[in-house]
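S.K.: So that we are looking at the same thing, I have put the structure below in structure tokens.
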Amino acid sequence: MALKPGRKLQPSRSRRPQIFKNPKAAFALALIFMDALLVALIIAYVPYTKIDWDAYMSQVTGFLGGERDYTNLKGDTGPLVYPAGFLYIYSAIRFITGGEVYPAQILFGILYIINLSIVIFIYVKTEVLPWWALILLSLSKRVHSIFVLRLFNDCFAMTLLHAALATILYQKWHLGLILILFRLCIYLLCAEFDINNRYVTIYMCVCIWAVSIKMNVLLYAPPLLLLMLKAMNIYGVISALACAALVQILAGLPFLVSHPIAYISRAFNLGRVFIHFWSVNFKFIPEPVFVSKQFAISLLIAHLGLLATFAHYKWCRHEGGLFKFLHSKVTSALSSSSSSGLKILKEEHIMTTLFAGNFIGIVCARSLHYQFYSWYFYSLPYLLWKTHFPTSLR
């Protein structure tokens with residue numbers, strides 16, 4: 001019996017890397033490369049601006065010298081008011097750079113490119129912006145200055161936060177495991193979670209590490225809690241929150257053991273009043289009003305009211321509103337039929353909720369300093385493209 005003729009072999013063709021088939025990804029790579037050159041030029045030719053670096057190094061020197069009382073950790077700009085993660089990060093920076101500004105600028109330049117790469121990944125993954133609009137992420141003179149000319153701790157906090165946002169979008173395990181291993185290199189954290197809840201737990205771990213550097217990351221807490229309630233059952237949310245609390249306890253353990261009141265009152269002082277002179281958002285408010293408790297309470301009420309409004313009419317619209325959604329979660333938790341699985345949320349919904357929730361907190365913040373621009377700059381193009389404004393207005 002004659003054999004059937006086989007398929008004609010096709011000549012081998014050189015395949016382009018998959019990334020070059022996506023014009024947005026190719027443009028993103030070119031943008032990162034060009035911005036890296038710009039950062040190098042800024043470091044080489046733009047004078048460094050002395051603001052907080054010397055204070056950071058003074059505070060770290062006291063910590064490395066064995067001081068564990070937060071009331072005694074001070075710099076030339078005042079007492080230390082950041083959680084313990086700040087000390088660990090800047091101790092490492094001091095070890096690497098010897099406390100010198102120029103090598104620290106190079107380190108922060110690398111950090112800037114890492115942060116930009118993570119943010120661009122988020123934008124490419126969610127596909128909200130057209131490819132050409134990605135250039136908006138590199139056009140901020142102030143953000144470049146915050147990273148490589150000012151060396152603020154906001155840079156590390158926001159880079160870790162953006163990494164946390166990326167893990168919740170990137171639903172494959174190896175990136176998440178790398179971040180978990182990074183966490184484990186710092187703390188010995190032994191806990192087991194349902195495999196379906198891991199990527200939310202990964203996000204929590206990285207996000208809480210960011211909180212341990214600077215507390216502005218807490219502005220993401222309300223929308224994050226809502227998303228966790230959507231994605232997980234009540235018990236999964238409780239376990240993730242317990243993990244977050246454990247991370248903070250372990251981070252501050254050297255200070256909690258010796259001087260707990262000093263640590264908690266300085267590192268987590270939610271009632272701290274910023275100096276009116278340095279405020280850039282409510283500068284037009286008279287100083288007696290600015291520092292008053294009534295003004296603070298009114299901003300808190302506005303913050304909570306806006307969050308509740310967005311949650312009810314926007315973020316929980318498909319669930320019938322915020323109150324119906326919460327009622328269903330409580331009912332599910334009390335019943336024996338509560339599911340232990342994980343609901344996969346749309347990437348666009350995740351980012352819109354988190355970015356909008358953070359921006360609401362920014363709008364209602366009593367005092368913003370210049371470096372706080374890094375808290376929300378990278379979300380502005382995303383939020384603008386979620387509106388129905390014409391492109392020129394965006």
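S.K.: Would you mind giving the average projected area, over all directions, of the Cα convex hull of the stretch 39-172 in nm² with one decimal?
M.R.: 9.6 nm²
S.K.: Next up: Sort 364-372, 283-291 by the packing proxy (mean of other Cβ within 10 Å over each peptide's residues), most packed first.
M.R.: My ranking of the peptides, most packed first, is 364-372, 283-291.
S.K.: In square angstrom, what is the accessible area per residue of the stretch 255-394 with a 1.4 angstrom probe?
M.R.: 59 Å²
S.K.: Between Asp54 and Leu241, what is the FRET efficiency for a Förster distance of 41 Å, r being their Cβ-Cβ separation, to the nearest 0.05?
M.R.: Using R0 = 41 Å, I get an efficiency of 0.65.
S.K.: Another question about this same structure. Could you calculate the contour length gain from Ala221 to Tyr45, that is, 0.36 nm times the residue separation minus the distance between their Cα atoms, to one decimal place in nm?
M.R.: Between Ala221 and Tyr45, full extension yields 59.4 nm more.
S.K.: Now, a different point. May I ask for the net charge around Thr126, where only other residues with Cβ less than 15 Å from the Cβ of Thr126 are counted and Lys, Arg are +1 while Asp, Glu are -1?
M.R.: Value of the local net charge: +1.
S.K.: Turning to a different aspect of this structure: So who's got an amide H within less than 5 Å of the one on Gly75, skipping anything under 5 residues away but keeping other chains? H placed 1.01 Å off N, in plane.
M.R.: The list, which skips near neighbours in sequence, is Leu80.
S.K.: Using 1/(1 + (r/R0)^6) with R0 = 45 angstrom and r between the beta carbons of Phe27 and Ser91, what's the FRET efficiency to the nearest 0.05?
M.R.: The formula returns an efficiency of 0.70 here.
S.K.: Still on this structure, I have one more. Per residue of the stretch 313-330, what does 6.51 cos²θ - 1.76 cosθ + 1.60 with θ = phi - 60° give for ³J(HN,Hα)? Whole Hz please, x for Gly and Pro, Karplus curve as stated.
M.R.: Listing the rounded values in order: 9, 10, 6, 10, 4, 6, 9, x, x, 4, 5, 5, 5, 5, 4, 5, 5, 5 Hz.
S.K.: Here's a follow-up. Karplus couplings for the stretch 45-59 from phi (6.51 cos²θ - 1.76 cosθ + 1.60, θ = phi - 60°), rounded to Hz, Gly and Pro as x?
M.R.: The phi angles translate into 10, 9, x, 5, 9, 7, 9, 10, 4, 4, 5, 4, 5, 5, 5 Hz.
S.K.: Between His388 and Ala296, how many nm apart are label points set 7 Å from Cα along the C-beta direction?
M.R.: The modelled label-to-label distance comes out at 4.1 nm.
S.K.: What does the convex hull of the Cα atoms come to per residue for the stretch 299-394, in Å³?
M.R.: Spread over its residues, the Cα hull of the stretch 299-394 gives 140 Å³ apiece.
S.K.: In addition: If you take the square roots of the eigenvalues of the alpha-carbon gyration tensor of the stretch 355-394 and sort them as a ≥ b ≥ c, do you get rounded (a/c under 1.5), prolate (a/b over b/c) or oblate?
M.R.: prolate
S.K.: Still on this structure, please answer the following. So what J values fall out for the stretch 250-255 if you push phi through Karplus, 6.51 cos²θ - 1.76 cosθ + 1.60 with θ = phi - 60°, rounded to Hz, Gly and Pro as x?
M.R.: Rounded to whole hertz, the list is 5, 4, x, 4, x, 8.
S.K.: Mind pulling up the Rg/Rh value for the stretch 223-371? Radius of gyration and Kirkwood radius, both on Cα.
M.R.: Here the Rg-to-Rh quotient is 1.04.
The values are calculated or read from the model by the stated rules, or taken from the named source; none is laboratory data. Note that this is a predicted model, so its numbers are computed, not measured. Note: ideal-geometry Cβ built from the backbone for every residue, glycine included; neighbour counts use all protein chains shown. Surface accessibility is based on the protein's heavy atoms, side chains included, excluding ligands, DNA and RNA. Shrake-Rupley method; radii C 1.70, N 1.55, O 1.52, S 1.80 Å.
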